[in-house]
1. Among the residues of region 105-118, write down those that are closer than 17 Å to Phe231 by Cβ and either surrounded by fewer than 21 Cβ atoms within 10 Å (Cβ to Cβ) or basic (Lys, Arg) (or both).
2. Given the criteria in contact with a strand residue (DSSP E or B) (Cβ under 9 Å, 6 or more places away or on another chain), modelled with pLDDT of 95 or more, part of a helix (DSSP H, G or I) and surrounded by fewer than 21 Cβ atoms within 10 Å (Cβ to Cβ), does Glu82 qualify?
3. Please find, among Gln219, Gln223, Gln208, the residue that is modelled with pLDDT of 80 or more and either in contact with an Asp or Glu (Cβ under 8 Å, 6 or more places away or on another chain) or not in a helix (DSSP H, G or I) (or both).
4. Does Leu58 qualify as being open to solvent by less than 50 Å² (accessible area, probe 1.4 Å) and either modelled with pLDDT under 75 or outside any loop (DSSP other than H, G, I, E, B) (or both)?
5. Name every residue in region 139-162 that is at pLDDT 75 or above, among the β-branched types (Val, Ile, Thr) and surrounded by fewer than 22 Cβ atoms within 10 Å (Cβ to Cβ), in order of residue number.
6. Could you identify the single residue in Asp229, Asp214 that is of a type in the set (Asp, Glu), under 24 Å from the mean Cα position of the chain (by Cα), in a helix (DSSP H, G or I) and at pLDDT 85 or above?
Amino acid sequence: MNISATRFATKARTWLLIAGLTALLIVIGSLLGGVFLYLFVGLAIAMNVFGYWFSDRLALRASKAQPVEPGTMPELEAMVQELAVRAQVPVPRLYLIPSEQPNAFATGRNPQHAAVAVTEGLLQHLPPDQVKGVIAHEFGHIKNRDILVMSIAAMVSGSIAAIANIMQFSLIFGGDDDDSPLGLVGTLAAIIIAPLAATLLQLAVSRQREYLADATGAQLLGQAKPLADGFETLERGA
């Protein structure tokens, strides 16, 4: 299967998984209903929207990333600019993380607000072609709008978890099992199985996006070897 076909298949699997998450939410929500249900689901959505909108600030602050001043790291800056042209996205903001651990990540709610952060260890321990391969993978996340996709998955998964918590509290604090549309066994099953199923589907979405970023990165580079070699070095701990 060529890279374009792999990207198409991975996108299709991602949205099928998100459709499964959404269907699970709709089924459970329609069976339960109630004002508190909508309140908790609304809270879960609001939290994920906040996380999506401010994802870049939160991630960069947590990693203590510092902005790279223009002209201070010309080789890295040229690499990022070249990949941005190939990916047909705006040049993202570039950050350096003061860490010896080789790593990199992309963040930002869309390509226009994207940022790429690399650690000092990545630049010190990997040769330039492998650094470019790792960064190409991060450009795959930017081009494919993975922050948006994962925010959708997290929002639906969080809503399902909120529903399960409401059901748990109602069961503990005196809800009448006979009046429940699910019954006692169904309620217990929903409390246990629904959040687990939602988590597994969310993890599957995440894995599919990583596969898609790999395929996109290889497409940007014109070959998969630098990307594969870079991640092999990361797995070995450089």
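1. Phe105
2. So Glu82 does not fit the description; no.
3. Result of the check over Gln219, Gln223, Gln208: Gln223.
4. no
5. Val149
6. Step by step, each of Asp229, Asp214 is checked, and only Asp214 is of a type in the set (Asp, Glu), under 24 Å from the mean Cα position of the chain (by Cα), in a helix (DSSP H, G or I) and at pLDDT 85 or above.
The values are calculated or read from the model by the stated rules, or taken from the named source; none is laboratory data. Source: prediction; values computed, not measured. So basically every Cβ, Gly included, is an ideal-geometry build from the backbone, and we count neighbours across all protein chains shown. In case anyone asks, the SASA skips ligands and DNA or RNA and just uses the protein heavy atoms, side chains included. Shrake-Rupley method; radii C 1.70, N 1.55, O 1.52, S 1.80 Å.
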